[in-house]
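One structure is given below, encoded as structure tokens.
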Amino acid sequence: MAAGTKPLRSDAARNRDKLLVAATQLFAERGLDVPLEHVARRAGVSIGTLYNHFPTREALLGAVMPQRLAALERITAEALADPDPWDGFAGFLDGLFALQAEDHGLNDALTQGFTLATDVSQACHQGFLDAERIIERAKAGGRLRADFCSQDLVTLIWAMSQVIRESMGTAPDAWRRCLAFFLDGLRAEAAHPLPAEAAPPVPGEAAPPVPGEAAPPVPGEEARPLSADAAQLLPAQPPA
């Protein structure tokens, strides 16, 4: 709790904890766009209580996502510490996609450009910078093809996220087969000249966002602020 913040009453603290558990479960099961009414219902509280604790979806994500990002940080640290740079690179991808396969919400956070709290967005971006270090180590070790770059990693994450999303309910390990194909194609000894350079997409075309950066807003849509109807539910007293 931030310095100077008044401690929650015990019942309010219990409600907040129940909301965090429910949000963690539902985001993992259904993704970050799950209706917040469903989160409140699973937690056994009113939607007004949810908005009293978390006035926006971004605030709720900011409370839930750090735990998942901490798991990603551990995978990144292990990859950078691996004495074999290629094994570190391959282990990083395997660990990253395993986390995404377990959690629709993390899959969305890394690939769909949801508006995230500043500290969560910064953590995502730092993870991307660490991934660049993993790539450079593997290339310097001579086993990762020299023309693989960070933009290729963004595209790979986006592509694998689609495989994970579409197969999670019917073939949850399908991504492992796809990753094995990708890794074979990324080995230096298998490299052939590529038909095009890694480059930003043509203006106007959809593109996978860089982890930690929000996607451009869709015309006519806003970043899920608190609705007027929900705002009317906010009680004036301290959190329930």
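We did not get these values from a lab; they are worked out from the coordinates using the rules stated. Computed from a predicted structure; not experimentally measured. All Cβ positions, glycine included, derive from the backbone under ideal geometry; neighbour counts span all protein chains shown.
Report the local net charge at Arg143: Lys and Arg +1, Asp and Glu -1, summed over other residues whose C-beta lies under 15 Å from its C-beta.
Computed value for this residue: -3.
Name the residues whose placed amide hydrogens come within less than 5 Å of the amide hydrogen of Gly31, ignoring near sequence neighbours (fewer than 5 apart) on the same chain.
His104, Gly105
Viscosity 0.692 mPa s, temperature 37 °C: Stokes-Einstein D of segment 65-190 from its Kirkwood Cα radius, in µm² per second?
222 µm²/s
Along the Cα→Cβ direction, 7 angstrom out, place labels at Ser46 and Val21. What is the inter-label distance in nm?
Spacing of the two 7 Å Cα→Cβ label points: 2.2 nm.
Please compute the length gained on full extension between Arg177 and Asp152, using 0.36 nm multiplied by the number of residues separating them and subtracting their Cα-Cα distance. List each step's numbers first, then the result.
Values: separation 25, 0.36 × 25 = 9.00 nm, distance 1.90 nm.
Computed gain between Arg177 and Asp152 is 7.1 nm.
Work out, step by step, the length gained on full extension between Arg9 and Ala140: first 0.36 nm times the residue separation, then minus their alpha carbon distance; give nm to one decimal. Don't skip to the answer; put the middle values down first.
Values: separation 131, 0.36 × 131 = 47.16 nm, distance 5.50 nm.
Difference between extended and current length: 41.7 nm.
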